[in-house]
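In what follows, a single structure is set out as structure tokens and then discussed.
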Amino acid sequence: MGTMKGLGALAVAALAGWAFLDPLAGSWAFAAAEFAFLAWVARALRRTDAAALRSRAREPLEPDEADLVQRYPLYFERPGFARECASTLAALGLATLVVVPWLTYKLQLAPAILIGVFVLAVGRLTKLLSPIYALRLATNKGDREALRLLSAHDGAARKLSGGHVPQPEHHGAAGR
């Protein structure tokens, strides 16, 4: 399966717009789409086998690296997919912050509560799909365990990817 190329965030924006224009139907469509996406991502996480991923490494993983891969297997198995899903989850989280108060104002309480509860799953899945960001935040708060895992990231990524560590894509003036 190819990457979503930003279509997930665009779909979230369209659903949020629908929820604003037609709160009755749009709110339930937003909640249903959010539930479907969360279930799909959770299914992808469950299907990822960390043990098989660790055995695929070209060099034996250090204990810290193995712990990192065990905690975030989908991120290491399919980094592009994880990045796209994390982007869509971020869009869902931001849209929720706007849609829920609007639906509450429009007295669509049931979908507002449901969408508000889904934000808990959005936060958890975002941490699982964006470990670098989550670990940096925890490190800034003084979490030594997060610092240990963060320091093991580059080695684990290099051993699992065949020698090169994938870097985030930057679109600067040269990429235009």
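Condition test on Leu61, is it assigned to a helix (DSSP H, G or I), touching a helix residue (DSSP H, G or I) at 6+ places or on another chain (Cβ under 8 Å) and in contact (Cβ under 8 Å) with a residue 40 or more places away in the chain? Considered against the rule, which asks whether it is assigned to a helix (DSSP H, G or I), touching a helix residue (DSSP H, G or I) at 6+ places or on another chain (Cβ under 8 Å) and in contact (Cβ under 8 Å) with a residue 40 or more places away in the chain, Leu61 comes out as no.
Residues in the stretch 136-176 that are within 17 Å of Ala66 (Cβ to Cβ) and small (Gly, Ala, Ser) were compared, and the one that is modelled with the lowest pLDDT is Ser161. Against the list (1) over 15 Å from the mean Cα position of the chain (by Cα); (2) surrounded by fewer than 21 Cβ atoms within 10 Å (Cβ to Cβ); (3) aliphatic (A, V, I, L, M); (4) outside any loop (DSSP other than H, G, I, E, B), the condition Ala134 fails is (1). In this structure, Leu38 qualifies as touching a residue at least 60 places away in the same chain (Cβ under 8 Å), crowded, with 16+ Cβ neighbours inside 10 Å, among the aliphatic types (A, V, I, L, M) and closer than 23 Å to Val119 by Cα.
When you scan the stretch 41-57, how many residues do you find that are surrounded by fewer than 11 Cβ atoms within 10 Å (Cβ to Cβ) and over 18 Å from Leu125 (Cβ atoms)?
Result for the stretch 41-57: 2.
In the stretch 75-83, the condition of being in a helix (DSSP H, G or I) and of a type in the set (Ser, Thr, Tyr) is met by at least one residue.
Of everything in the stretch 70-94 that is buried (at least 23 other Cβ atoms within 10 Å of the Cβ) and aliphatic (A, V, I, L, M), the residue that is farthest from Lys159 (Cα to Cα) is Leu92.
The values are calculated or read from the model by the stated rules, or taken from the named source; none is laboratory data. Please read all numbers here as calculations on a predicted model, not as lab measurements. Methodologically, a virtual Cβ is constructed for each residue, glycine included, from the backbone with ideal geometry; neighbour enumeration extends over all protein chains shown.
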